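What follows is one structure encoded as structure tokens, with my remarks underneath.
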Amino acid sequence: MSGPRSAVVFDADETLVDLRPAVTGALAAVLEEMRRWNPAAGVSLADLEADWGAVFGALSAAPVQEIRRAALARSLARAGLDAHLDEFAALFFARRFALTRPFPDALPALAALRPRHLLGFATNGNSRAERCGLAGEFAFELYAHENGLPKKPAAEFYAAVLAAAGLPAEHVVYVGDSPEHDVRAAQRAGLRAIWLNRGRLPRPPGLAPDAEVSTLAELPDALARLEPAKA
Ligand SMILES: [Mg+2]
């Protein structure tokens, strides 16, 4: 008797989790509250989005919550509301999680794969499975910055994925939307990688995923077509 001899491990944001509408909705709530506190502040949604972009590069290795707080601090300074960061951050995260949903193809794909594969969830972000409509779906969950886990594309991230799966690298497939973090970094660590290309974008030069899908519904067939892992 033994468990599954293969694991399929998922990125969270923009792979299983439809993050963008949740973030946009949360920023809209922040903006509405900023305007209530300071009707004279000429701040726009585009300003709030630009503030995220402005801080992300410098803080990319930091926890997502810290990056978001830094972005919000920058936005609040535009309206003289710097002293209220804690309240606005609480509002942002409450709305962001309340609005976060899995993509419609996520739960059916997980159900289809579960009989044959160990399923894992491993993310750089703060999309906790149970707060994003994915409670109880995975045999294991890994979050960067918990227990010192560095973010993708660090090799240590994928080493932790393999340790959690309890399988050799060639029996583990990582599925994600990021060519750098989810495909190249996973392959460097010896895993196989499936690129989820929802936008049907041109493949970046040199990217060689083990398979490419445009929806999660294609995953069972894509996994079945992968070369059998060497014993
Ligand atoms: Mg992603």
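Does the chain classify as rounded, prolate or oblate by the C-alpha gyration tensor (a ≥ b ≥ c root eigenvalues; a/c under 1.5 gives rounded; else a/b over b/c gives prolate, otherwise oblate)?
On the way: a/c = 2.21, a/b = 2.15, b/c = 1.03.
In terms of gyration-tensor shape, prolate.
By how many degrees, between 0 and 90 and to the nearest 10, does the Cα long axis of helix 64-78 differ from the longest principal axis of the chain?
Between helix and principal axis, roughly 20 degrees.
If each residue's Cβ is checked for other Cβ atoms within 10 Å, how do Tyr143, Tyr174, Tyr158 rank with the fewest at the top?
Neighbour counts put them in this order, fewest first: Tyr143, Tyr158, Tyr174.
Would you work out the relative contact order for the chain, in percent, from Cα pairs under 8 angstrom that are 6 or more residues apart?
The normalised contact order for the chain reaches 23 percent.
What is the magnitude of the charge dipole of the chain about its Cα centre, with +1 placed on the Cβ of each Lys and Arg, -1 on the Cβ of each Asp and Glu, and no other charges, expressed in debye to the nearest 20?
It comes to approximately 180 debye.
Along the Cα→Cβ direction, 7 angstrom out, place labels at Ala208 and Asp86. What is the inter-label distance in nm?
Those two pseudo-labels are separated by 5.4 nm.
For labels at Arg198 and Glu130 in the simple 7 Å Cα→Cβ model, what's the distance in nm?
Result for the modelled spin labels: 2.5 nm.
Taken together, the values in this text are just the output of simple stated rules run on the coordinates, not laboratory data. In this text, all values refer to a predicted model and were calculated from it rather than measured experimentally. No Cβ is skipped: glycine too gets one built from the backbone with ideal geometry, and neighbour counts run over all protein chains shown.
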